[in-house]
Amino acid sequence: MKVGEALVKEGLITRQQLELALQRQVQFGGRIGTNLVELRFLTEDELAKFLGRYFRMPAVSPEMIASIDEEVINSVSREIVEKYRILPFRKERSRLHSGVLNPKDIKDIDELRFITGFDIVPYVITELRLLYALEKYYGIKRELRYISLTDRFNPEEKVEEESIDKIKKAFADVKDTEEIAGILIQAAYKIAARVAVFILKGKKIAGWKARGLAVEGFAATEPDELSIFSDVLRRRTYYRGPVLKIKGNEQLIKMLSGTPQDAVLIPIDIREKVVALLYVDNGNSAVLDANVGYLSKLASMAGLAFEMMIIRRKITEL
């Protein structure tokens, strides 16, 4: 049984989610698990634990590869780890404990034993975790398709704090909703090439303000089928990944003049109700440098500013 089918059988994903991940895999490549994680149908940790059960062997945990000894790294050349997609992380005399993508590939493991002179002890590792570690320890750069993995492993690190106090004060002093949108757009535009805010009115999604994009005239009904909008509104959490070429995204793709490989859409809440959406990307062929934690903080501050406006209005009406 293939990995995707096994995930459905275990109830970790739905058949519809698997089909969407397979569509994305055709467009952008990568393993099926990677696509499911990037679509936020699974967490990377859930995938790792599942793969351990699926292959019936231990999975590489973040703790195992957080600080690998230099001696272990030097035991296998960069050329070999890149060719065989292997990550050595612990050595015990002649045994080399290593993460591999497919531990059932006995031929590759036997070749590695012969080439390295070590008894390779295989552990299953997710593609995302492997690529992150190979760049960290061997300097092997990830392809554009593997987008901004640092956020996925360290979502709260390196949040841009340089001007955060000024932004907080600006949100606290707003006089109207237009000012809130303006502050949000200005702050996000400093770290991304294209920024837009969409407003929700019932089931309607309308373009409000933007930089680097033209959102005037954009109007859509919340789609019933899968889309970047329906995913965020249903789950009430941010989406990060490509804008897939599917029916539910047609209007957004038309506005963007293409399908970005790395986009972020974040809900802006007032008392657990989504009232607006912050969209950010760096164009159709570039990845984002910005940390999602920082963008989420901006969206949270905007939500609080909206709530303050409502409270002020109610006070004046008393």
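Couple of notes before you dig in:
- The label-point distance for residue 10 and residue 203, in a model that sets each label 7 Å from Cα toward Cβ, rounds to 3.7 nm.
- Choice from 74, 291, 249 with maximal GNM fluctuation in the chain (Cα, 10 Å cutoff): 74
- Computed log₁₀ I(q)/I(0) - Debye formula, equal Cα scatterers, no solvent, the stretch 3-153, q 0.20 Å⁻¹: -1.29
- D (Stokes-Einstein, µm²/s), Kirkwood Cα radius, the stretch 227-318, 1.002 mPa s at 20 °C: 149
- Straight-line cross-link reach from residue 166 at under 28 Å between alpha-carbon atoms covers these lysines, not counting any fewer than eight positions away in the same chain: 158, 175, 190, 209, 273, 297, 314.
- Tail weight of P(r) past 29 Å, computed on alpha-carbon pairs of the stretch 164-317, percent: 13
- Modelled this way, with points 7 Å down the Cα-to-C-beta line, the labels at residue 66 and residue 1 are 3.4 nm from one another.
- Potential extension, residue 273-residue 82 segment - 0.36 nm per residue separation minus Cα distance: 64.1 nm
- Annotation note: chymotrypsin sites (Phe, Trp or Tyr not before Pro) in the stretch 201-271 located in DSSP loop regions with a Cβ neighbour count of at most 11 within 10 Å are absent.
- Relative to the current alpha-carbon distance between residue 285 and residue 308, full extension at 0.36 nm per residue lengthens the span by 4.5 nm.
- Amide H to amide H, with H built 1.01 Å from N, residue 119 comes under 5 Å of 95, 96, counting only residues 5 or more places away or on other chains.
- Whole-percent pair-distance distribution, where bins are 10 Å wide, for the alpha carbons of the stretch 29-93: 18, 40, 35, 7, 0
- If the convex hull is drawn through the Cα atoms of the chain, its volume per residue in Å³: 146
Coordinate-derived values only; no laboratory data. Since the structure is predicted, the reported quantities are computational estimates derived from the model, not experimental observations. Because the Cβ atoms are built from the backbone with ideal geometry, glycine has one as well, and the counts that use them run over all protein chains shown.
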